[in-house]
Amino acid sequence: MLRLLRDGPSGKGSSLITLEHAGETIVVALRRATTARRFTLRVRFAARDAVLTMPSRASIREARAFAQRHAGWIATRLNRLPATIPFAHGSLIPLRGVDHAIIHLPERRGTVWVEERDDVETQLAICVAGQAEHVHRRVQDHFKREARRDLEDAVARHTSALELPPRGVGLRDPVSRWGSCSSTGSLNFSWRLIMAPPLVLDYLAAHEVAHLVHLDHSPRFWSLARRLCSDTDRAEAWLSAHGAHLHKYGAKG
């Protein structure tokens, strides 16, 4: 039996309903769309929830009834999502597109470093010193530092190519986008790009730098983005096939 637990706000123009189905809790985000002619459901990999898009004139009661009828469908697809992988001893985590094994070395000094090791399958290890409870934070901090360094280098290269002033880089962990360029020229990126192959990170940097010239996705924008990054199509294809999986890494155990 399905039981509605609560309704609540979920940001501008949306709300949440929380369902209980077969002993599991399911979060469904409701979104109104003026262009929607019917109810549509999708499961979001990164957020590990479901989104119900509804016509602007539909009622919450109708949305609730639709979600209830499809609770089994939602639960099935949520349960098929790949398991999350924590930043913990023994986990395999990609760094610049190459799998590394996290090795906790409490007896060693320092914080985090990468080295080649014969005792791990990948031959490459992210070594973490200190107490076990600090492993997650130290690995995440290391990834953020590496992401900032690579993104700053890429942004500097692409802005220089366009003879634009230097730009700083902000790091975020958004669910729905990998990078953004504000109307004031502020550039922000997901730190998770450090887990992708370098061509993907470079493409995202080029993509957002191109927005400094064309704040849209017009043909002129795409022409400039491809001029800055010849691997645009390959990077887009990689993100489409594998990008969502980057969000499965780093869950706390």
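The values are calculated or read from the model by the stated rules, or taken from the named source; none is laboratory data. Everything numeric here is computed off the predicted structure, so don't read it as measured data. A quick note on method: Cβ atoms are made from the backbone with ideal geometry, for glycine too, and the neighbour counts reach across all protein chains shown. Ligands, DNA and RNA are excluded from the accessible area calculation, which covers all protein heavy atoms including side chains. Shrake-Rupley method; radii C 1.70, N 1.55, O 1.52, S 1.80 Å.
In square angstrom, rounded to the nearest 10, how much accessible surface does GLU24 have for a 1.4 Å probe?
The value for GLU24 is about 80 Å².
Leaving out ligands, DNA and RNA, and with a 1.4 Å probe, what % of the accessible surface on the chain is carbon or sulfur?
Working: 6730 of 13900 Å².
Carbon with sulfur: 48 percent of the solvent-accessible area.
Might you tell me the accessible area per residue for region 114-178, computed with a 1.4 Å probe and given in Å²? Walk me through the numbers before you get to the answer.
Numbers: 3880 Å² over 65 residues.
Heavy-atom accessible area per residue stands at 60 Å².
Cβ neighbours within 10 Å, averaged per peptide: list 148-160, 39-51 in order, most packed at the top. Walk me through the numbers on the way to the answer.
Working: 148-160: 18.1, 39-51: 16.5.
Highest mean packing first, the order is 148-160, 39-51.
What's the whole-number percent of alpha carbon pairs in the chain lying beyond 31 angstrom?
On the way: 13009 of 31878 pairs.
Of all Cα-Cα distances in the chain, 41 percent exceed 31 Å.
For a test of the definition: using alpha carbon positions, the gyration tensor, and the 1.5 limit on a/c, classify region 34-142 as rounded, prolate or oblate. Display every interim value, and only then the final one.
Working: a/c = 3.67, a/b = 3.35, b/c = 1.10.
Cα axes put region 34-142 in the prolate bin.
Report the gain in length on full extension from ASP119 to GLU62: 0.36 nm times residue separation, minus Cα-Cα distance, nm rounded to one decimal. Could you put the intermediate results ahead of the total?
On the way: separation 57, 0.36 × 57 = 20.52 nm, distance 5.73 nm.
Answer, rounded to one decimal: 14.8 nm.
Any idea what log10 I(q)/I(0) is at q = 0.16, 0.17, 0.18, 0.21 Å⁻¹ for region 100-164, Debye with uniform C-alpha scatterers and no solvent?
-0.61, -0.65, -0.70, -0.83
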